[in-house]
Structures are given as C-alpha cells and as structure tokens.
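For reference, the structure is listed below as structure tokens.
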Amino acid sequence: MIRLFFESFKDREIGERIGEDYEIIRLTAHIRFRTPTGWSKIYDAIVDTGAHAPVIPFNIWKDLGVNVMANYEIKGLNPGRECAIPSIIGKVVCVLLDDRGNQSKEIETISFLAYSNKIPLIIGFKNLLSSFRVCFDYAKKDAYLMEEK
C-alpha cells in the first residue's frame with residue numbers, strides 16, 4: 001500500500017470573485033524517476049483520475065534519459081491550437097512511494113513530456129493508476145494506492 005496525501009490551499013482570485021473563501025483540494029503522491037545514473041529526487045505529483053497519461057514538466061524529464069516515441073501537443077479544456085502545449089511522447093520508468101517507506105514496483109509508463117515548466121507534474125491512468133486500486137476519502141483524510149497483484 002502506498003499512502004497518498006491531500007494538499008489544500010485557498011484560491012484568492014476565485015474567492016474574491018465569488019465573495020467567499022474558496023479552497024482548492026488536490027490528491028497527491030510522491031514519485032521518483034529512473035535516470036541514467038540512478039534515481040531522481042522525490043517529487044510531489046497530482047493524482048488525476050481524469051488524466052489518461054502522466055504529464056511531466058521539462059525541468060523534471062530533461063535529465064531522465066527518456067525513450068522518445070513521437071512529437072505531440074497536449075490539449076486540455078480548450079482544444080484550440082493556440083492553447084496547445086508543445087511536448088513529446090516518451091517512456092519513463094518511475095516508482096511511487098510514501099512517507100512510511102512503502103514503494104511500488106518499477107513502472108514503465110508512456111508519458112507526455114512538456115517543453116514547459118509552467119505545468120504541474122500529473123499522474124494519470126496509463127500504466128500508473130491502472131496498476132493500482134485507488135482509494136481516497138477526503139472527509140477522513142485517508143488516501144492510498146493498493147498494488148494489484
């Protein structure tokens with residue numbers, strides 16, 4: 001079992017527009033990536049059950065020794081070309097871990113590797129969340145991933 005954690009913070013801009021406090025809540029996990037010389041430092045990543053693949057900003061993937069597969073443009077809520085984020089599709093190897101010393105097996109995953117640092121590190125379903133049972137209960141502040149055997 002890999003423990004997850006919740007991150008929450010107030011969004012001042014939304015709060016000002018609606019006239020009350022507005023809290024952003026994110027489910028996050030610790031992740032590290034295989035590099036040509038070992039393992040990267042540990043990063044916090046957003047667990048996004050709506051994302052089909054991981055998205056990795058440039059400052060993280062540039063040192064990973066990625067197996068590049070294709071050029072790609074990441075599109076989100078607005079599919080317009082002007083909103084697309086230049087990227088590549090590549091394979092990376094990673095592990096998920098928690099503060100209690102638990103660690104997943106190594107996972108090779110196809111990821112979107114952005115040429116920007118202005119995006120968050122996101123864990124999506126392709127080869128990552130699909131390998132686990134995802135359980136979270138914000139009211140009880142309890143969340144974890146259970147590896148499927």
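Answer with yes or no whether Leu129 is touching a His at 6+ places or on another chain (Cβ under 7 Å), over 20 Å from Asn67 (Cβ atoms) and buried (at least 17 other Cβ atoms within 10 Å of the Cβ). Steps first, please.
On the way: touching a His at 6+ places or on another chain (Cβ under 7 Å): no; over 20 Å from Asn67 (Cβ atoms): yes; buried (at least 17 other Cβ atoms within 10 Å of the Cβ): yes.
No: the conditions fail for Leu129.
Just to verify a result, which residue in segment 1-29, among those that are under 19 Å from Cys135 (Cα atoms) and either out of contact with any Phe, Trp or Tyr (no Cβ under 7 Å at 6 or more places or on another chain) or free of Cβ contacts under 8 Å to residues at least 24 places away in the same chain (or both), is most open to solvent (accessible area, probe 1.4 Å)? Give the derivation first.
Our first condition is that a residue be under 19 Å from Cys135 (Cα atoms); within segment 1-29, this holds for 1-8, 25-29.
Checking the rest, the ones that are also either out of contact with any Phe, Trp or Tyr (no Cβ under 7 Å at 6 or more places or on another chain) or free of Cβ contacts under 8 Å to residues at least 24 places away in the same chain (or both) come to 5, 7-8, 26, 29.
On the way: Phe5: 59, Glu7: 70, Ser8: 60, Arg26: 85, Ala29: 0 Å².
Per the criteria, the residue is Arg26.
Looking at segment 65-78, is at least one residue of a type in the set (D, E, K, R), on the phi < 0 side of the Ramachandran plot and assigned to a helix (DSSP H, G or I)?
So far as segment 65-78 goes, no, none of its residues is of a type in the set (D, E, K, R), on the phi < 0 side of the Ramachandran plot and assigned to a helix (DSSP H, G or I).
Taking segment 104-143 as the region of interest, how many residues are assigned to a strand (DSSP E or B) and closer than 18 Å to Pro54 by Cα? Please lay out each step first, then the result.
Initial filter on segment 104-143 (assigned to a strand (DSSP E or B)): 107-114, 122-123, 132-137, 142-143.
Within this subset, residues satisfying the condition of being closer than 18 Å to Pro54 by Cα are 107-114, 122-123, 132-134.
Final tally of qualifying residues: 13.
Matching residues to (1) open to solvent by 60 Å² or more (accessible area, probe 1.4 Å); (2) of a type in the set (A, V, I, L, M):
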residue	(1), (2)
Thr49	yes, no
Asn71	yes, no
Gly80	no, no
Asp99	yes, no
Lys105	yes, no
Ser116	no, no
Lys140	yes, no
Ala143	no, yes
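Does Gly124 satisfy being touching a Pro at 6+ places or on another chain (Cβ under 9 Å), buried (at least 18 other Cβ atoms within 10 Å of the Cβ) and not aromatic (Phe, Trp, Tyr)?
yes
Being under 18 Å from Pro57 (Cα atoms) and touching a Phe, Trp or Tyr at 6+ places or on another chain (Cβ under 6 Å) is the filter here; which residues of segment 117-149 pass it? If you could, list the steps in order and put the result at the bottom.
Of the residues in segment 117-149, the ones under 18 Å from Pro57 (Cα atoms) are 117-126, 128.
Within segment 117-149, Asn117, Leu121 meet the criteria.
Quick one: Cys135 ticks every box in (1) among the hydrophobic types (A, V, I, L, M, F, W, C); (2) surrounded by 15 or more Cβ atoms within 10 Å (Cβ to Cβ); (3) without any contact (Cβ under 8 Å) to a residue 12 or more places away in the chain bar one, so which box is it?
(2)
All but one of (1) farther than 15 Å from Tyr43 by Cα; (2) surrounded by fewer than 18 Cβ atoms within 10 Å (Cβ to Cβ); (3) under 13 Å from the mean Cα position of the chain (by Cα) hold for Ile88; which doesn't?
The number of the failed condition is (3).
The values are calculated or read from the model by the stated rules, or taken from the named source; none is laboratory data. These figures come from a predicted structure and were not determined experimentally. Counting neighbours? That spans all protein chains shown, and the Cβs are built from the backbone with ideal geometry, glycine included. Just so you know, the surface numbers come from the protein's heavy atoms only, side chains and all, with ligands and any DNA or RNA stripped out. Shrake-Rupley method; radii C 1.70, N 1.55, O 1.52, S 1.80 Å.
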